[in-house]
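**Student:** Next up is a structure, given as structure tokens.
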Amino acid sequence: MYIIAIAWLYVTLLMALTESSWVAGVATFVFYGLLPMSILLYLLGTPQRRRNRQRREAANTLPQHSAGRIDPDQ
């Protein structure tokens with residue numbers, strides 16, 4: 001997935017370099033490259049962020065035992 005993002009940013013960088021002014025080049029790179037790629041990567045990363053959050057929540061709900069001690073109440 002990241003190789004596609006890198007390739008797209010490379011293409012938009014080359015497009016930006018061919019613009020007639022630096023303002024147009026920056027606008028081309030931001031609006032054709034950075035903005036769409038950041039939205040796409042955020043959306044495609046949502047399932048992984050959800051899994052990470054669920055793992056953290058599951059780890060927090062596990063009982064907290066003392067390291068190596070035996071609980072006498074059991």
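**Student:** Going by Cα centres, segment 2-21 and segment 31-54 are how many Å apart?
**Tutor:** 19 Å
**Student:** How much FRET efficiency would the formula 1/(1 + (r/R0)^6) give for TYR10 and ARG51, where r is the Cβ-Cβ distance and R0 is 25 Å, rounded to 0.05?
**Tutor:** Taking R0 as 25 Å, the efficiency between TYR10 and ARG51 is 0.25.
**Student:** So what is the relative contact order for segment 2-52, in percent, with contacts set as C-alpha pairs under 8 Å and at least six apart?
**Tutor:** 31 percent
**Student:** Right, something else. Which order do peptides 29-38, 14-23, 52-61 fall in by mean Cβ count within 10 Å, highest first?
**Tutor:** Descending mean neighbour count gives 29-38, 14-23, 52-61.
Every number here is computed from the coordinates shown, using simple stated rules; none is lab data. Keep in mind that what you see is a predicted model, and the values were worked out from it rather than measured. Positions of Cβ are generated from backbone atoms using ideal geometry, with glycine treated the same way; all protein chains shown enter the neighbour counts.
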